[in-house]
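The values are calculated or read from the model by the stated rules, or taken from the named source; none is laboratory data. Owing to the predicted nature of the structure, the values given are computational and were not obtained by experimental measurement. Methodologically, a virtual Cβ is constructed for each residue, glycine included, from the backbone with ideal geometry; neighbour enumeration extends over all protein chains shown. All accessible areas refer to the heavy atoms of the entire protein, side chains included, with ligands and DNA or RNA removed. Shrake-Rupley method; radii C 1.70, N 1.55, O 1.52, S 1.80 Å.
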Amino acid sequence: RSANVVFQHSEFLKQVGEGSGVHRAALAFFKTLPPFLDLGGVRVVHAWWHQPYVDLIEQHLYKGSWMTDEFLETAFTPKTPECQAMKGLLTGLNVKLPEGARFFDDFGHPRDRLRLKWWSQDRRHYRDVLMPPSGLWVNPEKLDREVPLDQWPGQGDPQPKPVFLGHYWMKGDPAALTPTVACLDYSVARGGPLVAYRWDGEATIQNDRFVFV
């Protein structure tokens, strides 16, 4: 219930009324939704399909989808494996910058962690795989100044079958990120298109199957 979290959910809380019957019913419904879907030939997750995290969370789901209060409490307890796994699935891969390095996000908050393109196989430097705030995208000099070029010790997370994501607020024409990874969030809340993908069993994602309005 930090000020930042309340701010992010302010429109929802304003419309339903915090603590109202509608609010409680919505929360009860959300608990019945699984945090990921494996539909056989295709997978769906909010930010990152990382199989060890999926396997861990799957052990806690009641009848394949229900998230109990006990599980949710554990998943919000810092440093627990469940917390690490849920954060990974819902917020993606984030890594701490080298000591002393930081940048400022779109709201002016200092950050010392970077959101990375976990699907990328190009892992030479931080800048090759980071998902920076828009302020860094539009100001290359700021990017050079605030994001170090140290070697990134990580590696990509290849996917054996198509995975569809949200979370990342993409821009431009909808297209696959890799042959088996696609993001469908193209910032509709900020005026971008509403994007879907028409999947027909193909093993790799085809750009001509994106549908958007």
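The figures follow:
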{"item": "Sole residue being in contact with an Asp or Glu (Cβ under 8 Å, 6 or more places away or on another chain) and polar (S, T, N, Q), chosen from T91, T80, T32, T74", "result": "T74"}
{"item": "Listing of strands (runs of 3 or more DSSP E) fully contained in segment 32-127 that carry 3 or more residues being hydrophobic (A, V, I, L, M, F, W, C), surrounded by 11 or more Cβ atoms within 10 Å (Cβ to Cβ) and in contact with a strand residue (DSSP E or B) (Cβ under 8 Å, 6 or more places away or on another chain)", "result": "none"}
{"item": "Test for G172: is it assigned to a loop (DSSP other than H, G, I, E, B), modelled with pLDDT under 80 and either within 26 Å of G40 (Cβ to Cβ) or not aliphatic (A, V, I, L, M) (or both)", "result": "no"}
{"item": "Evaluation of W49 against (1) in contact with an Asp or Glu (Cβ under 7 Å, 6 or more places away or on another chain); (2) in contact (Cβ under 8 Å) with a residue 60 or more places away in the chain (one fails), failing number", "result": "(1)"}
{"item": "Hey, A85 at pLDDT 95 or above, aliphatic (A, V, I, L, M) and within 22 Å of G166 (Cβ to Cβ) or not", "result": "yes"}
{"item": "Matching residues, segment 1-17, being farther than 18 Å from F76 by Cβ and open to solvent by 50 Å² or more (accessible area, probe 1.4 Å)", "result": "F7, S10, E11, F12, K14, Q15"}
{"item": "Qualifying residue in segment 10-28 (condition: under 19 Å from C183 (Cβ atoms) and either free of Cβ contacts under 8 Å to residues at least 40 places away in the same chain or touching a strand residue (DSSP E or B) at 6+ places or on another chain (Cβ under 6 Å) (or both))", "result": "no"}
{"item": "Residue match in segment 58-81 (condition: within 18 Å of G166 (Cβ to Cβ) and not polar (S, T, N, Q))", "result": "no"}
{"item": "Some residue of segment 157-168 being touching a helix residue (DSSP H, G or I) at 6+ places or on another chain (Cβ under 8 Å), modelled with pLDDT of 70 or more and surrounded by 14 or more Cβ atoms within 10 Å (Cβ to Cβ)", "result": "yes"}
{"item": "Cross-chain or 6+ apart pairs with Cβ under 7 Å, segment 183-197 first and without any contact (Cβ under 8 Å) to a residue 24 or more places away in the chain, then surrounded by 14 or more Cβ atoms within 10 Å (Cβ to Cβ) and in a helix (DSSP H, G or I)", "result": "L194/V188"}
